[in-house]
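The values are calculated or read from the model by the stated rules, or taken from the named source; none is laboratory data. Source: prediction; values computed, not measured. Note that each Cβ is placed from the backbone with ideal geometry, even for glycine, and that neighbours are counted across all protein chains shown. For the accessible areas, the whole protein counts, side chains as well, though only heavy atoms, and no ligand, DNA or RNA atoms are used. Shrake-Rupley method; radii C 1.70, N 1.55, O 1.52, S 1.80 Å.
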Amino acid sequence: MLGTSKAYSGFSVSDVEAAKRFYGRTLGVRVSEEHGMLTLHLGGGADVLVYPKGPAHVPATFTVLNFPVEDIDKTVEELTARGVRFERYDGVEQDEHGIARGTGGPPIAWFTDPSGNVLAVLQE
């Protein structure tokens, strides 16, 4: 029944304007705004809805978006220069830049948006 529907995912934020600046300027994602909500237009034609929840917002405790990149070291360096702070997690071995390697998957580094939602960059 829904197999041909163009589905999309979404998540909430506490401040739409802060999210718009972060996703658009800091991360360089194409962003549009309509009805007080954002749409993140990601590579490959994927769209993600970002909707306001204000003070009732609770950050996701899991990774809501993964950004595959060709060179994780270069990407982490560039994002750090743009003010992004990479997260550290107990029990996960990470280098001085916050990149976890040898986790059974690709090298990955986690960070949060202004609302505390978890995002990641990972080496393709």
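Can you give the accessible area per residue of the chain, in Å², using a 1.4 Å probe? Present the calculation step by step, with values, prior to reporting the outcome.
Numbers: 7610 Å² over 124 residues.
Using a 1.4 Å probe on heavy atoms only, each residue of the chain averages 61 Å².
Expressed as an acute angle from 0 to 90° and rounded to the nearest 10, what is the orientation of the C-alpha long axis of helix 72-81 relative to the principal long axis of the chain?
Around 70 degrees separate the two axes.
Pop out the carbon and sulfur fraction of the accessible area of the chain as a percent, whole number, probe 1.4 Å. Could you put the intermediate results ahead of the total?
Details: 3900 of 7610 Å².
Here carbon and sulfur together make up 51 percent of the probe-accessible area.
What is the distance in Å between the Cα centroid of the stretch 70-87 and that of the stretch 7-36?
19
Just grab the label-to-label distance for Arg25 and Glu77, each label 7 Å out from Cα along the Cβ direction, in nm (one decimal).
2.5
Determine the shape class of the stretch 1-123: with a ≥ b ≥ c the square roots of the Cα gyration tensor eigenvalues, call it rounded for a/c under 1.5, and otherwise prolate if a/b is greater than b/c, oblate otherwise.
Working: a/c = 1.72, a/b = 1.47, b/c = 1.18.
It is prolate, given that a/c is not under 1.5 and a/b is the larger ratio.
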